[in-house]
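Have a look at the structure below, then the notes.
The values are calculated or read from the model by the stated rules, or taken from the named source; none is laboratory data. Predicted model, so just to flag it, every value in this text is computed and none were measured. Here Cβ is always computed from backbone atoms with ideal geometry, including for glycine, and neighbour counts include all displayed protein chains.
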Amino acid sequence: MSGLRAVISNAAPLQHVKLGSCRANALHRPFSRGSRRETREKGEEVDAAALLAEPTWSVASLLPPSGQTSQAPEISSKQLHHLLRLSALAPPKDAEEESKMLETLASQLHFVRDIQQVDTTGVEPLQSLRDETASGENASELGMAALSVALGKEDVRGKFHKRIRRRRDVEQTDEAAWDPLSTASKKVGRFFVVEGGKNE
Amino acid sequence: MSTPIRRQAPPTLARVLSTCTSSATRLPRPCVVAKWLHSRNLTTATPRAQETVPLRKHLKDEAKRKKAEAKINNAVAPKKHQLDPRLARWELTVGIEIHAELNTTSKLFSAAPTEGQEGMANSRVAVFDAALPGAQPHFQAATLLPAVRAAIALGCEVQRKSGWDRKHYFHWDQPNGYQITQYYHPFARNGSLALTAADGVPDEELQGAESVMVGIKQIQMEQDTAKTTNHGNSTYHVDLNRAGLPLIEVITLPQIHSPQTAAAVVRKVQAALRSVDACVTGMELGGLRADVNVSVRERGTTGTGTSYSGVSGLGQRTEIKNLSSFKAIEDAIVAERDRQISVLEAGGVIEGETRGWTLGATETTRLRRKEGEVDYRYMPDPDLPPLIIGTDLVEHLRLTLPELPAETIQRVHSAYGLSLKDAKTIVELDDGDRLEFMEHTVQLVQQSLPDETTDKPKIGKLAANWILHELGGLLTTSETSWEDLTLTPQDLADILLNLLQKQITARVGKQLLNTLHETPTTSEHRPSVEQLIEQGNLRLRPLSEQGYEELARAIMEGHPEMVEAVRVKGQRGKVMWFVGQMVRRGEEGTVEPERARVVVERLLAG
């Protein structure tokens, strides 16, 4: 598996860059709080306009610095075409579009490298938000109780040579009410039609 | 004693029979027709002097003649297992991935049914199967039953917690754009399969051991794709009925070293899965498919140093996809092995690629190069919670697991005295129903016998022979299937009981079988075996010793040349011919072959 992973893993760490009014030290921790909050005292009236005048963070910090050469290795045209094929996206029409795509991809990779600066040793990646406590797991466990209905739909066949066989009486469900072909633009009889030719 | 009816050949063969017989000329055998005529007690012309040639003798003569011809023509008959001399230098290693459809009521992630409305395409499709935007997967817990049973049957450890991952690739048979599988955390790991010579493992691989162990790396659950058919140039018709059907993928370790073993592994896995009701459609119906990974290395070396899941020192492997019959597996592996050896011996390098095989081909064809390998970008599916299987369920299924075929065959072999081959046959026939019939019959016979001296193996052997051969023959000739059989174990038990108590002969028994088979069980006038014996006067009225001698002498006088053959030429096999003649000539149900043989031997010797 080459392509994306190779490009990112070979990246150099992000450089310290001054960006206008943005606090420089905020760059190293992308989602850190601005320093404005520390100076507010209790009871003091908040000057909302002044508060909102200066940004504490700009998304520009996520983009590659203009005028400075990126330290990341170049993405080759071959890699670009491979990635476009994997994602089923159209290949670039001409060299201009290709260079534009490469630029966009480079800036996207700059952002990804930024994210990867976060230290995640020992942290299990989050798949989705679920109840991960022990009681939550036990509640979602599939044991005899959850399978009791399915176990009841089986028979034991034979007295001497016992075999388990699933009962095959077909139940008519209401789900059959939906016709999958109703959304098809091209169909023949009860089949979906796909044109598999390459020049679409 | 009634005069025996003379058997005569039909007029159509009279011309043939009129030619002079000599060992050099070959005549069509009249014996089949003669037998047919005799069974119907028909006669036409007078018989010729030539005796009917038994089938076995005719076949032997034919074989001898062919061999003599071949010798004359210096044609060397090819040896059955001509071992390729290159195999002394090169060693084959094979790993197999088997995809089998699970036997469930609904699909894996939707409640659409797996059966029903056959023939109507796109009739069992849920919203998620058609990948309508926003449709969510819902894991159907009932699919765990066959899956966990399959894992236990193949000796795997069922993992309490496993995950669902997306395997991304675009194809019109995959509406979602990804297949949900278990790439990172499969639900079962570390199983094993034991194969013996009886399963088909060649001696070169066994090398004196009893059995060969093939490890199973893991078993995972995944979705099946839709069915596509090609119509015209590049038009495809898609049927989503099969999309989302639950499959298990069984991945073995690369511990297989011959093509026959590879086919044996797939056969054994199919049989084991069928016996626990996990996967009931076989390879012939497309319910089970295999992909094989083949590599070779020089014996004594570590190949290219590649390793797979703990097995190291292998050569570069190639994958052959979508093999759909046992023969295809063997042939494809042999072809690929030969190709790889040729390439390596010529100094080339094997590329890791995907290849295909078509029936009747001599070499595998390249499907996909390494550069064209798809990057599946596996990621855990965020829509599905991890799969947590309770230990109480696993224990329950382990305790109630049906017998695996290997165990059944051993049990039948030891308890009923059948040979391993017969045991294997009867266990595999009719989904185990024939074995059930046999066991029931044996139990009934044992119960009805007055004393316990007749041991189970004796009854078992007799019952098995009758069920396999007599009943089997009956089913074939009357073109009935096992389900439509009207004979009950009680009927057969009655016949066998009478046989064991020497109340009837075997021929009479077969007749009774035929009669009972023709009368359906629903008719009120269905007679019992006892009634039939009484009505037909079929009870064995044993002939006296004198009666046997008279009959034997009569036959011997009629055929002095046969007597000479036995006495002078010492052809002991002809004795049974005499016995056959006595049984035919004697009245129905009077002549016992055993006693007749004793008498004939005594007379011929004396």
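Check the stretch A:170-180 and report whether any residue there is closer than 30 Å to B:ALA153 by Cβ and either modelled with pLDDT of 90 or more or facing chain B (nearest Cβ under 7 Å) (or both). Yes, some residue in the stretch A:170-180 is closer than 30 Å to B:ALA153 by Cβ and either modelled with pLDDT of 90 or more or facing chain B (nearest Cβ under 7 Å) (or both).
One residue stands out among those in the stretch A:46-63 that are in contact (Cβ under 8 Å) with a residue 24 or more places away in the chain and part of a helix (DSSP H, G or I): the one that is nearest to A:PHE111 (Cα to Cα), which is A:LEU62. For the stretch B:347-360, state whether one or more residues are part of a loop (DSSP other than H, G, I, E, B), farther than 24 Å from B:ASP165 by Cβ and within 14 Å of chain A (Cβ to nearest Cβ). Within the stretch B:347-360 (the criterion being part of a loop (DSSP other than H, G, I, E, B), farther than 24 Å from B:ASP165 by Cβ and within 14 Å of chain A (Cβ to nearest Cβ)), the answer is no, since none of the residues qualifies. Against the conditions (1) away from chain A (no Cβ under 14 Å); (2) surrounded by 15 or more Cβ atoms within 10 Å (Cβ to Cβ), B:ASP381 satisfies every one except (1). Examine the stretch A:131-140 for a residue that is more than 14 Å from chain B (Cβ to nearest Cβ) and among the β-branched types (Val, Ile, Thr), and state whether such a residue exists. Within the stretch A:131-140 (the criterion being more than 14 Å from chain B (Cβ to nearest Cβ) and among the β-branched types (Val, Ile, Thr)), the answer is no, since none of the residues qualifies. Selection within the stretch B:124-146: residues that are more than 7 Å from chain A (Cβ to nearest Cβ) and among the small types (Gly, Ala, Ser). The member of this set that is farthest from B:GLY244 (Cα to Cα) is B:GLY134. How many residues does the stretch B:99-123 contain that are in contact with a Ser or Thr (Cβ under 9 Å, 6 or more places away or on another chain), among the aliphatic types (A, V, I, L, M) and at the interface with another protein chain (Cβ under 9 Å from one of its Cβ atoms)? Final tally of qualifying residues: 2.
Among the residues of the stretch B:342-362, which ones are small (Gly, Ala, Ser) and surrounded by 14 or more Cβ atoms within 10 Å (Cβ to Cβ)?
B:GLY352, B:GLY356
Candidates in the stretch B:412-422 are the residues that are buried (at least 16 other Cβ atoms within 10 Å of the Cβ) and over 18 Å from B:GLY473 (Cα atoms); of these, the one that is farthest from the other protein chains (Cβ to nearest Cβ) is B:GLY417. Based on this model, can you work out whether B:LEU401 counts as buried (at least 20 other Cβ atoms within 10 Å of the Cβ) and either among the hydroxyl-bearing types (Ser, Thr, Tyr) or not in a helix (DSSP H, G or I) (or both)? No. Applying the condition of being of a type in the set (A, V, I, L, M, F, W, C) and touching an Asp or Glu at 6+ places or on another chain (Cβ under 7 Å) to the stretch B:220-249 and asking which residue is nearest to B:SER325 (Cα to Cα) yields B:LEU247. Restricted to the stretch B:221-239, and to residues there that are free of Cβ contacts under 8 Å to residues at least 40 places away in the same chain and not in a strand (DSSP E or B), the residue that is nearest to the other protein chains (Cβ to nearest Cβ) is B:SER234.
Suppose we filter B:LEU516, B:LEU543 for residues that are surrounded by 12 or more Cβ atoms within 10 Å (Cβ to Cβ), outside any loop (DSSP other than H, G, I, E, B) and in contact with a Ser or Thr (Cβ under 8 Å, 6 or more places away or on another chain); which single one remains?
Just one listed residue meets the conditions, B:LEU516.
When B:GLU594, B:GLU561, B:GLU557, B:GLU601 are screened for being part of a helix (DSSP H, G or I), surrounded by 12 or more Cβ atoms within 10 Å (Cβ to Cβ) and charged (D, E, K, R), only B:GLU601 passes.
The condition of being over 30 Å from B:ALA141 (Cα atoms) and surrounded by 11 or more Cβ atoms within 10 Å (Cβ to Cβ) holds for only one of A:LEU89, A:LEU63, A:LEU147, that being A:LEU63.
Taking the numbered list (1) more than 14 Å from chain A (Cβ to nearest Cβ); (2) in a loop (DSSP other than H, G, I, E, B) in turn, B:ARG337 passes all entries but (2). The criterion of being without any contact (Cβ under 8 Å) to a residue 12 or more places away in the chain, out of contact with any helix residue (DSSP H, G or I) (no Cβ under 6 Å at 6 or more places or on another chain) and either among the small types (Gly, Ala, Ser) or part of a loop (DSSP other than H, G, I, E, B) (or both) holds for B:ALA135. Just one residue in the set B:LEU604, B:LEU551, B:LEU532, B:LEU513 is touching a residue at least 40 places away in the same chain (Cβ under 8 Å) and either touching a Cys at 6+ places or on another chain (Cβ under 8 Å) or within 27 Å of B:VAL445 (Cα to Cα) (or both); that residue is B:LEU513.
A quick yes/no check of all residues on (1) free of Cβ contacts under 8 Å to residues at least 40 places away in the same chain; (2) within 29 Å of B:GLN140 (Cα to Cα); (3) not aliphatic (A, V, I, L, M):
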{"site": "B:ARG160", "(1), (2), (3)": "no, yes, yes"}
{"site": "B:HIS171", "(1), (2), (3)": "no, yes, yes"}
{"site": "B:ARG189", "(1), (2), (3)": "yes, yes, yes"}
{"site": "B:PRO254", "(1), (2), (3)": "no, no, yes"}
{"site": "B:SER258", "(1), (2), (3)": "no, no, yes"}
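For the stretch B:266-285, a tally of residues being away from every other protein chain (no Cβ under 14 Å) and in contact (Cβ under 8 Å) with a residue 12 or more places away in the chain returns 8.
Being surrounded by 12 or more Cβ atoms within 10 Å (Cβ to Cβ) and within 14 Å of chain B (Cβ to nearest Cβ) narrows it down to one residue among A:LEU109, A:LEU83; which is it?
Being surrounded by 12 or more Cβ atoms within 10 Å (Cβ to Cβ) and within 14 Å of chain B (Cβ to nearest Cβ) holds for just one of A:LEU109, A:LEU83, which is A:LEU83.
Flag set for B:GLU549, criterion: outside the structural domain of B:VAL508 (by TED's automatic domain parsing), among the acidic types (Asp, Glu) and surrounded by 12 or more Cβ atoms within 10 Å (Cβ to Cβ).
Mind listing whichever residues of the stretch B:384-397 are part of a strand (DSSP E or B) and either surrounded by fewer than 16 Cβ atoms within 10 Å (Cβ to Cβ) or within 7 Å of chain A (Cβ to nearest Cβ) (or both)? Before the answer, list the steps.
As a first pass, look at the stretch B:384-397 and keep what is part of a strand (DSSP E or B): B:387-389.
If the condition is that a residue be part of a strand (DSSP E or B) and either surrounded by fewer than 16 Cβ atoms within 10 Å (Cβ to Cβ) or within 7 Å of chain A (Cβ to nearest Cβ) (or both), then B:ILE388, B:ILE389 are the ones that fit.
Among the numbered conditions (1) within 27 Å of B:ARG267 (Cβ to Cβ); (2) not in a strand (DSSP E or B), the only one that B:ILE320 does not meet is (2). Taking the conditions exactly as written (out of contact with any Leu (no Cβ under 6 Å at 6 or more places or on another chain), more than 24 Å from A:GLN127 (Cβ to Cβ), more than 14 Å from every other protein chain (Cβ to nearest Cβ) and not in a loop (DSSP other than H, G, I, E, B)), does B:ALA194 satisfy them or not? So B:ALA194 passes the test. Scanning the stretch B:398-411 for residues that are in contact with a helix residue (DSSP H, G or I) (Cβ under 6 Å, 6 or more places away or on another chain) and more than 10 Å from chain A (Cβ to nearest Cβ) returns B:ARG398, B:LEU404, B:PRO405, B:ILE409. The residues in the stretch B:160-170 that are surrounded by fewer than 17 Cβ atoms within 10 Å (Cβ to Cβ) and either more than 37 Å from the chain's Cα centre (by Cα) or more than 10 Å from chain A (Cβ to nearest Cβ) (or both) can be counted, and the count is 3.
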